[in-house]
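J.: The structure is given below, and queries will be raised subsequently.
The values are calculated or read from the model by the stated rules, or taken from the named source; none is laboratory data. It should be emphasised that the depicted structure is a prediction, and the values quoted were computed from it without experimental measurement. Cβ coordinates were reconstructed from backbone atoms using ideal geometry, including for glycine residues, and neighbour counts include every protein chain displayed. Protein only, heavy atoms only, side chains kept; ligands, DNA and RNA dropped before computing areas. Shrake-Rupley method; radii C 1.70, N 1.55, O 1.52, S 1.80 Å.
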Amino acid sequence: QFFVFCHGLLQLSQLLISGYLKSTISTIETRYGLSSQTTGLLTSFNEVGNTLLIVLLSYFGSRVHRPRFIGCGAILVSLAGFLMSLPHFITGRYEYDQSIASIFSNTTDLCRVDGLGAIGNVSDESCTHRTAKENHELLLIMFVAQVLRGIGGVPIQPFGISYIDDFASERNSPLYLGILFSLTVIGPGVAFMLGSAMLRFYVDIDKVTGEEIQLTNKDPRWVGAWWLGYLIAASLVAVSAVPYFFFPREMPKEVGWVKARHFPVVLLRNLRHPVYLLVVLAQVNLSAMVAGLATFMGKFLERQFSLTASFANMIIGAVNIPGAMVGIVVGGAIMKRFQMSLRQCGALCILGMFLCVVLAFPLFFLGCPTQKVAGVTYSGSSESEYHALDCNLQCNCPEKAYNPICGSDSIEYISPCYAGCEVVNIDAVKNTVLNYTYCSCILENGLPGSAKPGTCGTGCSHLLLPFVVLSCLAGILASTSHTPSFMLILRSVQPEDKSFAVGMQFMLLRVLAWMPSPVLFGSAIDTTCILWEKKCDKNAACRYYDNDLFRHR
């Protein structure tokens, strides 16, 4: 029972690191100008290190000191967590376009009829070979950290599960594994809550004073302190690793030593087992969906319902993930209560998945249309079309500017200059923008109108609650299949193959689901982008998506 407790704690803190990456994906995209395909690849890259070793290590699982191996893996995971935060400390301050001249820049992005315009703004900085190289180096550090995390994670789950299943009674084993899996699910939940908390702090909180921060976390240019959570999570993993070096090896009497030349025999024996193979393939499909959703669900909520990254993470961490945890525990409890046969386990899985699909179908239609953005998704009504075309011609606006404002006509403009705004009104005490006036592209009773800083939003927040409720219920039902499907695997293979079967299962899940899925989801999301940020004449992060396409794809 103490081992179950320790293993739950370790899995929880290990998943804190992987879940935390997912909770900060949209922030890292904004900070370093990355596409969703790139961040999807980054997310799935830890599976590379993992896949290379997991089958071999699981094969020798019952023949090595499992707890010590788990401890060493945990130390490696901890190092990877510290490495993930490194890019923040080796780069300069975060720079963004703004209307108030400041320590960052003495230029603004207002409409200047004098011909100077906003030339020389932050976003138009010359693209030197050095800046391009710097970005590649940062990505390399993150990818290496992900590979290390993958290698460190290899022994943790297969060794832990087989160790527990070897020494627990058959009656208690489903309960222990149910508890363990539910703790495993709390990990990402806590990670998203941690992400929610950290992203409320400004990214350069260690480099600038409070007075110098001119953005609020509702501003689309806001970048939160994504690196801070890694320091916390990596420290927790390091602490959780300690007890494993003191657990006994405690192996049951083995009949002789199994040589590596038997490896192909054991491999074929398991792969030819129809129950094992079909259950694993079913888990592959479910895991592919979960891996894609876990990576981009936060970003999806941010874009569809105009939420801050912090609030989107809070919803996932406080509602969706605990829902999945409830499903896992309920599945394990039903099995224990009714002492289910393998056939009944299969039936429970099918029922859970069918009901999940029924509840998830309406999510196709629950979302918001794309907001009206002048010149991007909206070209003006017929009477003012000519006006919309030439209203900011004299302003000399830089192409790359991004400082969204919401006009009094409820249309969004990508910068004050694009709306033809000539005056910015500032709150002198807080040094923040109150509003913009004399905007030639915004008409109020035939006169130049005004605008407020920030995005207009999608304006359908009433759909958020039904979306969250339905997605949570669908998650609960899908999760009831988790423990019974594991039992189908553990009980259908030969006892001495257990460690290997679980390792083989995790390898197939990695190669067929966790590795390709975030990249495929990211690529699909990228195809729905309608305005890209440009860095060195290449697409960087996406500014605006077609919301309907994003939701459907």
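J.: Residue farthest toward the positive end of the dipole of the chain, with Cβ of Lys/Arg at +1 and Asp/Glu at -1: which of 282, 147, 91?
T.: 282
J.: In degrees from 0 to 90, rounded to the nearest 10, what is the angle of the helix 498-509 Cα long axis to the longest principal axis of the chain?
T.: Compared with the principal axis, the helix lies near 20 degrees.
J.: Given a 1.4 angstrom probe, what's the average accessible area per residue across the chain, in square angstrom?
T.: For the chain, the solvent-accessible area averages 44 Å² per residue.
J.: Going from the alpha-carbon gyration tensor of segment 383-453, what semi-axes, largest first and in whole Å, does one get by taking the root of 5 times each eigenvalue?
T.: 20, 14, 10
J.: When the helix-only estimate is applied to the chain (DSSP H runs of n ≥ 4, each -39,500 (n - 2.57), divided by the residue count), what is the mean residue ellipticity at 222 nm, nearest 500 deg cm²/dmol?
T.: It lands at -17500 deg cm²/dmol.
J.: Also: How large is ³J(HN,Hα), in whole Hz, for each residue of segment 346-352 in order, when computed from phi with the Karplus curve 6.51 cos²θ - 1.76 cosθ + 1.60 and θ = phi - 60°, using x for Gly and Pro?
T.: Taking θ as phi minus 60°, the curve returns x, 5, 4, 4, 4, 4, x Hz for segment 346-352.
J.: How big, in percent, is the set of alpha carbon pairs in the chain lying more than 47 Å apart?
T.: Of all Cα-Cα pairs in the chain, 20 percent lie more than 47 Å apart.
J.: Residue by residue through segment 82-91, what is 3J(HN,Hα) from phi via Karplus (6.51 cos²θ - 1.76 cosθ + 1.60, θ = phi - 60°)? Round to whole Hz and write x for glycine and proline.
T.: 5, 5, 4, 7, 4, x, 4, 7, 9, 10
J.: Please express the shape of segment 334-437 as an equivalent ellipsoid: the semi-axes are the square roots of 5 times the eigenvalues of the C-alpha gyration tensor, given largest first in whole angstrom.
T.: Output for segment 334-437: semi-axes of 55, 20, 11 Å.
J.: Between segment 309-341 and segment 484-521, what is the separation of their alpha carbon centroids in Å?
T.: 20
J.: If you fit an axis through the alpha-carbon atoms of helix 482-492 and take the longest principal axis of the Cα set of the chain, what angle between them do you get, 0 to 90°, nearest 10?
T.: Here the helix axis deviates by roughly 30 degrees.
J.: Dipole of the chain, Cα-centred, from +1 at each Lys and Arg C-beta and -1 at each Asp and Glu C-beta, to the nearest 20 debye?
T.: I would put it at about 2780 debye.
J.: Which cross-chain or sequence-distant (5 or more) residues have an amide H under 5 Å from the amide H of residue 481, H modelled 1.01 Å from N in plane?
T.: The list, which skips near neighbours in sequence, is empty: none.
J.: Next up: On a C-alpha basis, how far is the centre of segment 151-205 from the centre of segment 410-436 in Å? Whole number, if you could?
T.: 46
J.: If you don't mind, there's one more thing I want to ask. Over all directions, the average projected area of the alpha-carbon convex hull for segment 193-341 comes to how many nm²?
T.: It is 15.6 nm².
J.: Let me ask another. Long-range amide H contacts for residue 530: which residues qualify at under 5 Å (H placed 1.01 Å from N, peptide plane, sequence gap of 5 or more or a different chain)?
T.: Answer set, sorted by chain and number: 544, 545, 546.
J.: Sticking with this one: So who's got an amide H within less than 5 Å of the one on residue 442, skipping anything under 5 residues away but keeping other chains? H placed 1.01 Å off N, in plane.
T.: For residue 442, the qualifying residues are 449.
J.: Which three numbers, in whole Å and largest first, are the semi-axes of the equivalent ellipsoid of segment 272-390 derived from its Cα gyration tensor as √(5λ)?
T.: Ellipsoid semi-axes (Å, largest first): 45, 17, 12.
J.: Hey, what do the phi angles of segment 199-211 turn into as Karplus ³J(HN,Hα) couplings, whole Hz, using 6.51/-1.76/1.60 and θ = phi - 60°, x for Gly and Pro?
T.: Karplus values, whole Hz, x for Gly and Pro: 6, 7, 8, 5, 3, 9, 4, 8, 10, 10, 8, x, 5.
J.: Relative to the longest principal axis of the C-alpha atoms of the chain, give the angle of the C-alpha long axis of helix 46-59, reported between 0 and 90° and rounded to the nearest 10°.
T.: Helix 46-59 sits at roughly 0 degrees to that axis.
J.: Could you sort 535, 299 by accessible area so the largest value comes first, with the probe set to 1.4 Å?
T.: So the residues, ranked largest to smallest area, are 535, 299.
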